[in-house]
Every structure is written in C-alpha cells, then in structure tokens.
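The next block holds one structure in the form of structure tokens; read it before the comments.
All of the numbers you see were taken from the coordinates with simple rules; none came from a lab. Small disclaimer: the values here were computed from a predicted structure and weren't measured. Neighbour counts run over all protein chains shown; Cβ positions are idealised from the backbone, glycine included.
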Number of protein chains: 2
Amino acid sequence: MSDISRRSTRLDQYVDRYAARTEGMKASEVRALFSVASRPEVVSLAGGMPNISDLPLDVVGKGIADLIAHDGPVAMQYGSGQGTPELREQICDVMRLEGIEAHPDDIVVTVGSQQAVDLVTRIFIDPGDVVLVEAPSYLGALGVFRAYEADMVHVEMDEHGLIPEALEQAIAATKAAGRTIKFLYTIPNYHNPAGISLSEERRPEILRICREADILILEDNPYGLLGFDGRIHRALRADEAEGVIYLGSFSKTFAPGFRVGWALAPHAVREKLVLAQESATLCPSAFSQMAISRYLENHDWLGQVEAFRTMYKERRDAMISALEDFMPAACRWNVPTGGFYVWVTLPQGIDAKAMLPRAVTARVAYVPGTAFFADGFGSSSMRLSFCYPTPERIREGVRRLAGVLEAEMELRETFGATGTIPAIRASDYDAPSNDLS
Amino acid sequence: MSDISRRSTRLDQYVDRYAARTEGMKASEVRALFSVASRPEVVSLAGGMPNISDLPLDVVGKGIADLIAHDGPVAMQYGSGQGTPELREQICDVMRLEGIEAHPDDIVVTVGSQQAVDLVTRIFIDPGDVVLVEAPSYLGALGVFRAYEADMVHVEMDEHGLIPEALEQAIAATKAAGRTIKFLYTIPNYHNPAGISLSEERRPEILRICREADILILEDNPYGLLGFDGRIHRALRADEAEGVIYLGSFSKTFAPGFRVGWALAPHAVREKLVLAQESATLCPSAFSQMAISRYLENHDWLGQVEAFRTMYKERRDAMISALEDFMPAACRWNVPTGGFYVWVTLPQGIDAKAMLPRAVTARVAYVPGTAFFADGFGSSSMRLSFCYPTPERIREGVRRLAGVLEAEMELRETFGATGTIPAIRASDYDAPSNDLS
C-alpha cells in the first residue's frame with residue numbers, strides 16, 4: 001500500500017491533541033523534493049548532500065576495526081552526555097584553524113549541528129520570542145525556530161553578507177515593538193542558501209552591534225573550511241567568547257552519516273546544553289565520536305578537506321559557466337567563493353515554486369527561494385547546489401533549467417502571468433505522478 | 001582548572017534569558033552520582049549500564065568492515081529522517097516476538113529510545129498538560145516531561161504492576177480538576193526502577209480503561225526480551241494498534257553506544273514524529289543503523305540475548321541472596337523476574353537521599369527513590385541495579401550498604417532522627433571531596 005493511499009484512507013484521531021508547536025512542523029520543500037528528485041534521471045540541484053565518494057574507505061575501515069578490537073566495549077557503551085573528552089580536544093584543534101581558542105570543557109557534542117540548533121533553541125526560546133535571521137536563511141534552522149514557536153525577523157544581506165545598518169534597524173524596530181530578541185542566527189561563511197560570506201570589515205561591526213544590544217549570536221559554520229582559495233575566515237567566536245555560541249560539524253569536512261556536530265558555548269550556557277542533551281538523547285553516540293577521533297588522528301584529514309575544496313571548486317566553476325552559457329539575460333546570481341550553493345534571482349514575476357513541477361518534468365530540481373524565508377518572500381529566487389552532481393551533470397541540469405525558464409518567460413509574455421497555473425503545496429510531491437517521471 | 005572552581009568564579013550572564021522550560025532542566029541525581037560512583041573502589045549499584053563485555057567483537061567488527069567496504073558511501077551519507085527501510089523491517093521482526101504485527105512504514109528510528117520519549121513529548125505536550133506516570137517511574141522520562149513543562153500525575157503500582165483502579169481514579173480526578181491528560185507513560189515489563197511487570201490479567205484492563213477514557217498509551221519496553229525465565233510478555237501494542245505508541249531499543253539487547261531506538265506509532269502520529277526527528281537531527285545516523293542491521297543479519301542475536309539473560313539472572317540471584325543475608329529485617333524488596341533493577345524499601349524514617357553520602361563514603365552507591373518521583377515521594381526507597389557489577393561485587397556492595405543502613409538505624413534509635421544531618425542536594429556531588437575517596 002503506498003504512502004498516499006494509506007494516508008487518505010485514515011483519519012488522524014489525534015488531530016486535536018497535538019501540542020501547539022506541532023502546528024509549526026510542516027514537511028519542508030526540500031524533504032518533499034527528495035522523493036522525486038532522487039530518481040536517477042533527474043539532475044538534482046536541490047539537495048545539500050556532500051560528495052564523499054573520495055573518502056579513503058580503507059583508512060576509515062582500518063580505524064574502526066582497530067576501534068572495535070581495542071575499545072569496543074567502551075565505544076558500544078553509554079558515554080558522557082557532553083561527548084568524549086578526546087573528540088572535544090580534537091574539536092578545539094579544528095576550531096583553532098579559525099582563530100578560536102577554546103577549552104574542551106565548553107564544548108557539547110551533538111547529533112549533527114542540526115541538533116545543536118535544536119538544543120540552543122530549546123534552552124532559550126519561549127513561544128513568541130524573536131530570532132533574528134538572515135534573508136534568506138538555512139531552512140533547517142528556520143524549521144527548528146518554527147517548531148519552538150519563535151517569531152523570525154529577517155535581516156537583509158548584500159554581497160558582503162549581513163548588512164550592519166539593517167541589523168541595527170531590525171533590532172531597534174523589534175525592541176520598539178516590545179518584543180524580546182533571544183539571538184541572531186547567522187552563517188557567516190559560504191552561506192546556505194545565499195552562497196556569500198560576511199566581509200572581514202563587517203565582522204567587528206556585527207559583534208559590536210550585538211554586544212551593545214546585548215544580543216547573543218548563534219554562529220553556524222558548517223562550511224568554514226571549504227573556501228575555494230584555501231582561505232579560512234576568522235570566526236566571530238574568535239573575537240567574542242561570551243556573546244557567541246559557535247556551531248560546527250564534521251558532516252562537510254568528513255562525513256554526515258555519523259551525525260556528529262558540536263556547540264561551543266559560554267560556560268553557563270554549556271551546562272544547560274548538556275542537560276538538554278541528556279534529556280534529548282542521554283548521550284551522543286560514543287561509537288560515532290570515537291570513529292571520528294580515529295579518522296582525525298590517523299589521517300591527513302585537512303589534506304582530505306583540501307581535496308574536497310578542489311572538487312567543489314570544479315563543480316562551482318561548472319555551474320557558473322553553465323549559468324553564463326544558458327540562463328536568460330534577466331537572471332542574476334552570485335559567484336560563491338566556497339561552500340555548496342548559488343543563489344539565483346529570476347526575472348521579476350517568475351514564481352520559482354510554481355515553476356518547480358515543470359522543472360522536475362524536465363528532469364531538473366532546485367529549491368524555491370520561499371523555503372528560506374519565514375515570511376513568504378523569495379518567490380522569484382532559487383537555490384542551486386553544486387555539491388553532489390558531477391560537473392557534466394551540473395551543466396546538463398542548468399541547461400534543462402534554462403529551457404524551463406525560457407518557456408516560462410515566453411508563456412508569461414504571451415499570457416501575461418503564470419497565475420492561472422495553481423501554486424503547488426510541498427505535500428503534493430508525496431504523490432508520485434507520471435508527469436514527473 | 002576544575003569544573004567547580006570555574007563555575008564558582010563565573011556568573012551566568014544569561015540567567016534571565018533562558019526559556020521557561022529550562023527551569024525544569026536540573027542535573028539528575030543519577031548524573032551527579034556518576035562522577036563519584038565511577039571510581040573503581042566504589043561498588044556502583046546506581047547506574048543502568050548494560051554489561052556488554054560478552055558481545056562478539058569479531059562478529060561486530062566483521063560486519064562493520066564489510067559495511068564500510070561495500071556500502072561505505074551510503075552509510076556515511078545523510079539518510080532518511082525516518083530511518084533505513086532495512087532496519088525498520090528488522091525491527092518489525094523483533095517486535096513480532098512480543099505479538100506485534102506492524103508495518104515498517106509506521107516506525108521511526110530514534111537516537112536511543114530516550115529520543116523517542118523526547119519526540120513524542122514534543123509533539124503532544126503543551127505546558128501544563130498532564131502525563132500519567134507510574135509511581136515510581138523512569139527518571140529519564142520524568143526529566144523529558146519536566147523539560148516540556150508537563151505536570152506529572154503518579155499512579156500507584158503493586159507487585160502486579162499498575163493498579164487498574166488507581167488508574168481509573170487518577171484519570172477521573174485529573175479530568176474533574178479540568179486538566180488535559182495527554183498520555184499514560186508506562187513500562188510494563190521489568191520496570192525501571194520498580195523491577196516488576198504488569199500481570200497478564202491486568203493488560204486488557206489497562207487497555208480498556210485508556211480506550212474508554214480516550215487516553216493514548218506510551219509503552220516503553222527496553223527490557224522486554226530480558227525475562228529470566230525466557231518468557232516474553234505480550235506487548236500492550238499487540239492488542240491495540242491505534243491507542244498505543246510503542247518504544248523499543250537496541251541498547252539492552254545489543255549495545256547502547258550506537259544510540260538506536262525506535263517508536264512504532266499510529267500512522268498519523270508517525271508522520272508528525274518524522275517531522276519532529278528531521279527538525280531535531282535531520283536524520284538518525286545511517287552508519288549506526290546499518291551496523292545494527294548487519295549484526296542482526298549476521299549473528300544469532302537472539303542467542304546473544306539469551307546469554308545476556310543468563311548473565312543478568314546470575315546477578316539478580318547474587319543481589320537477592322546478599323539482600324537476604326545482610327539487610328536489616330525491616331527492609332523490603334521485590335524479586336524481579338527480568339531486567340536490571342531491585343526496588344528496596346527502607347525502614348520508616350530512613351531517608352535514602354540523606355544517607356547517600358555516607359554510603360558513598362563506605363564505597364557503595366545507589367539511586368535514592370525520590371529521583372523516580374515528580375512529587376518528592378520515595379524518600380525511604382532506593383533503586384539497586386544488578387546489571388553492571390559482577391556477582392562478587394554485587395554481594396560486597398550490598399554488604400557495605402547493609403552496614404551503612406545499620407549504622408543509620410542505630411543513630412536514629414540513639415538520637416531519635418537523622419534530621420540534624422542536613423539533606424544533600426545533588427549538586428553537592430559535583431565537588432569531589434576527600435571524604436568520598
């Protein structure tokens with residue numbers, strides 16, 4: 001019995017019993033897409049999966065075999081809610097590359113950095129509290145804030161990242177409205193989805209504004225080591241220990257399948273995070289942590305990151321040259337200097353979400369811009385990812401996308417608007433359809 | 001710099017900014033104990049760590065080596081938020097042992113069953129909602145309910161488990177007070193901490209009462225396969241598919257270090273749980289799930305559970321005979337038929353929490369009964385675990401405990417009460433003290 005037929009024949013007898021926060025939990029547009037866009041014939045420029053095919057499986061295998069043989073009973077046992085001391089030491093070494101001097105005692109290991117966002121939100125957010133987020137922002141974080149019933153206020157970015165004046169204005173306006181701002185959530189490096197980085201000049205300004213307004217910064221930095229010129233930006237946390245919670249992850253520098261990320265927090269906050277982690281999971285997986293420790297110890301992991309950077313740079317180049325070669329003149333995009341994503345702005349009046357089913361029919365997928373806003377903005381934008389498909393596939397995907405877009409623009413020119421084609425809901429994608437194959 | 005000195009020299013500048021729920025996150029008494037009771041000279045009858053020293057490391061190692069060599073790039077990649085289809089199929093086979101017929105589509109894999117408790121609570125509980133819990137109940141679950149600002153109402157148990165009449169009365173009284181009951185949290189088999197099982201006769205009664213009162217049951221069953229006579233109780237879920245969310249775990253039948261548990265839920269609820277899981281972690285570890293799948297597939301895992309049962313039975317026997325040999329006549333305890341725990345009731349007036357520092361000084365640790373109540377009850381009870389120490393150590397631990405208890409009773413007889421010795425707070429244990437070494 002397919003998913004859809006089961007659902008349609010069953011009523012949810014619990015519909016009146018869910019918590020208020022459950023209202024805010026909706027299937028994300030990316031998730032809905034996965035089921036369609038994962039078909040081999042579709043070029044997915046939608047997902048954010050790292051390409052880990054070049055990882056040295058022999059090294060990983062050897063490290064884990066050794067782990068099981070020598071420390072198996074420890075690795076397979078319950079561990080500390082805060083994470084293993086060894087990995088927390090190694091995390092300090094990783095963060096030192098970004099100018100951070102930290103004590104392992106101030107780190108909490110999490111189930112991917114997604115869980116770090118969840119735990120920080122859990123300890124700080126009451127319903128109705130405000131979180132400042134970039135415009136656009138990471139959809140997985142927006143989903144967490146929504147699930148804890150936070151209100152999100154977007155702050156504008158330009159090609160140099162978050163705009164200090166816009167941040168000041170947003171803070172002033174939010175405070176004037178009598179609202180409580182709990183923190184600023186920011187991705188300073190190789191932004192998801194915007195693909196841009198906060199300039200060096202602005203970093204002290206952002207820190208100063210938040211310090212003066214007494215606003216905590218949640219610095220999410222999964223892509224920080226993936227700058228294509230090998231340059232590593234100095235973390236905000238490097239210059240402000242008490243006002244910043246820094247989130248890191250091994251998902252992009254090693255592999256996501258172990259689900260290991262971390263939060264570095266001011267000491268008092270760290271204590272709350274450990275309690276929240278124990279309540280949420282008792283402890284993160286000792287096995288996963290020890291497997292990563294061995295990898296970091298036995299392998300030139302930074303050399304591997306260098307190889308990742310080179311590979312992603314090639315893919316970025318493939319995407320940018322394809323965009324230049326194929327996309328209609330009225331489209332705009334940035335050229336990211338690291339990370340996974342390009343943010344594309346379409347000609348005015350083109351609705352990226354409404355266009356998506358036609359794109360998938362043409363065997364290319366992307367994430368519509370609205371997914372990255374809490375307020376419905378972003379309709380004429382899209383996120384294209386270049387991390388997972390090969391350069392050839394990326395070029396072919398962009399070619400297909402340009403074709404769909406041209407048809408859309410023609411249709412619009414002929415009929416005035418695409419408004420007659422109904423906007424789709426993400427849930428529509430749960431139903432496989434022959435149109436899409 | 002030690003933990004305590006760092007803490008005492010730093011003020012928490014965030015103290016006014018935490019969410020209301022963070023108030024409810026306190027260091028558990030078990031957690032505080034771990035730092036003291038983990039010293040080798042202390043016999044810890046406090047923890048709930050399974051003894052996994054007999055696991056076949058070669059089998060585990062071979063399975064994982066094969067996993068990395070053949071499916072490494074999949075195992076190390078992001079996976080489904082719901083869990084791998086293969087493991088969910090295998091989980092159905094595991095649950096079939098308890099009479100459950102389920103579809104893999106209705107299972108959500110979680111980061112240990114602790115996370116299943118967290119996610120179910122997240123989707124159902126608004127602040128002030130009531131959760132019915134046994135008296136006593138699992139402290140890790142009480143912590144979750146507290147963190148989501150639920151009110152807990154305890155329902156009495158006797159040697160046959162939850163008392164149907166007490167459940168009916170609790171429901172009636174709670175409803176009469178105008179309160180909303182969201183679910184009953186119950187551990188029907190080899191209860192933590194009470195060590196007892198719900199009788200076969202009462203199971204349909206409990207189901208009927210909850211069905212008639214339209215109350216969801218959260219059936220937590222980590223110990224179900226660890227019955228010492230090899231008998232497997234029929235799950236509540238086996239006879240009620242729509243009114244029960246069943247939680248299972250590989251932590252006690254295999255190993256906790258991979259952090260893999262699950263929830264089996266009515267279909268509509270399962271959809272919410274997947275959304276909650278995606279928000280919390282994006283997805284559980286594919287590597288952990290695939291490692292467990294290989295173990296289940298390659299090994300006589302049920303034979304291993306049989307070996308665990310035999311080993312735990314020996315330890316139960318060691319504890320019971322030591323209790324009989326050493327404990328003062330006025331003490332009472334049950335004889336568990338499975339699981340990890342014995343619940344001991346002390347002579348009236350003895351405060352198990354106040355006695356704990358003296359027990360640890362005498363190199364034995366336990367968990368005071370109050371940890372398992374939301375309302376301060378349980379002061380003259382304690383949980384003793386027989387899962388981790390060897391039979392010899394268990395006997396020695398109980399001998400020491402009996403000595404401490406006799407001294408306490410003498411003191412009480414001489415001076416009338418122990419009330420002059422101040423009750424301790426769990427946080428006191430964070431400070432290492434020479435008294436305890």
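FRET efficiency for the pair B:Ala20 and A:Ala213, taken as 1/(1 + (r/R0)^6) with r the Cβ-Cβ distance and R0 = 22 Å, rounds to 0.45. In this structure, the pairs whose alpha-carbon distance is over 25 Å, taken from B:Lys26/B:Lys182; A:Lys182/A:Lys313; A:Lys62/B:Lys252; A:Lys252/A:Lys313; A:Lys252/A:Lys272, are A:Lys182/A:Lys313; A:Lys62/B:Lys252; A:Lys252/A:Lys272.
Calculated translational diffusion coefficient of the protein assembly as shown (37 °C, 0.692 mPa s; Stokes-Einstein with Kirkwood radius over alpha-carbon pairs) equals 115 µm²/s. Calculated from the alpha-carbon coordinates, segment A:210-266 shows an Rg and a Dmax of 12.9, 40 Å respectively. With the largest listed first and rounded to whole Å, the semi-axes of the equivalent ellipsoid of segment B:244-333 from the Cα gyration tensor are 36, 20, 11. Applied to segment B:235-251, the Karplus parametrisation 6.51 cos²θ - 1.76 cosθ + 1.60 on θ = phi - 60° returns per-residue 3J(HN,Hα) values of 5, 4, 4, 4, 10, 7, 7, 8, x, 10, 9, 9, 10, x, 7, 8, 5 Hz, with x for Gly and Pro.
Diffusion of segment B:298-374 by Stokes-Einstein, at 4 °C in a medium of 1.567 mPa s and with Rh set to the Kirkwood radius over alpha-carbon pairs, works out to 88 µm²/s. Quick note on segment A:124-184: its Rg to Rh ratio, both from C-alpha atoms and Rh being the Kirkwood radius, is 0.97. Over segment A:14-154, the alpha carbon radius of gyration divided by the compact-protein estimate 2.2 N^0.38 Å works out to 1.37. Annotation: Cα Rg of segment B:74-299 relative to the compact-globule expectation 2.2 N^0.38 Å equals 0.98. The convex hull drawn around the Cα atoms of segment B:166-230, when projected onto a plane and averaged over every direction, covers 5.0 nm². Excluding A:Glu86 itself, calculate the net charge of residues whose Cβ lies under 15 Å from the Cβ of A:Glu86, where each Lys or Arg counts +1 and each Asp or Glu counts -1. Local net charge: -4. Relative to the longest principal axis of the Cα atoms of chain A, the long axis of helix A:267-281 makes an angle of roughly 70 degrees. Modelled this way, with points 7 Å down the Cα-to-C-beta line, the labels at B:Asp300 and A:Asp325 are 6.1 nm from one another.
Neighbour counting of Cβ atoms within 10 Å sorts the residues A:Ile123, A:Ile163, A:Ile91, fewest neighbours leading, into A:Ile163, A:Ile123, A:Ile91.
The smallest convex shape that holds all Cα atoms of chain A, its convex hull, gives 166 Å³ per residue.
Over all Cα atoms in segment A:248-392, the spread is summed up by Rg and Dmax: 19.8, 54 Å.
Sorted largest first, the principal axis extents computed over the alpha-carbon atoms of segment A:323-424 equal 38, 30, 23 Å. Rounded to the nearest 500, the 222 nm mean residue ellipticity of chain B from helices alone is -13500 deg cm²/dmol, with -39,500 (n - 2.57) taken per DSSP H run of at least 4 residues. Peptide A:264-276 has a mean of 4 when you count, residue by residue, the C-beta atoms of other protein chains within 10 Å of its C-beta. Quick one: helix A:57-75 against the long Cα principal axis of chain A, what's the angle to the nearest 10°, folded into 0 to 90? Taking Cα atoms only, the helix is inclined about 50 degrees. Given 4 °C and 1.567 mPa s, compute D for segment A:84-164 with the Stokes-Einstein relation, Rh being the Kirkwood radius over Cα pairs; round to the nearest whole µm²/s. Estimated diffusion coefficient is 88 µm²/s.
A straight chain from A:Ala407 to A:Val335 at 0.36 nm per residue would run longer than the Cα-Cα distance by 23.4 nm. For B:His154, the amide hydrogen comes within under 5 Å of the amide hydrogens of B:Val133, counting only partners 5 or more places away or on other chains and with H modelled in the peptide plane. Please give the helix A:112-124 orientation as an angle from the longest Cα principal axis of chain A, in degrees from 0 to 90, rounded to the nearest 10. Taking Cα atoms only, the helix is inclined about 80 degrees.
Among the GluC sites (Glu not before Pro) in segment B:187-262, those placed in a DSSP loop whose Cβ has at most 16 other Cβ atoms within 10 Å are B:Glu200, B:Glu201, B:Glu242.
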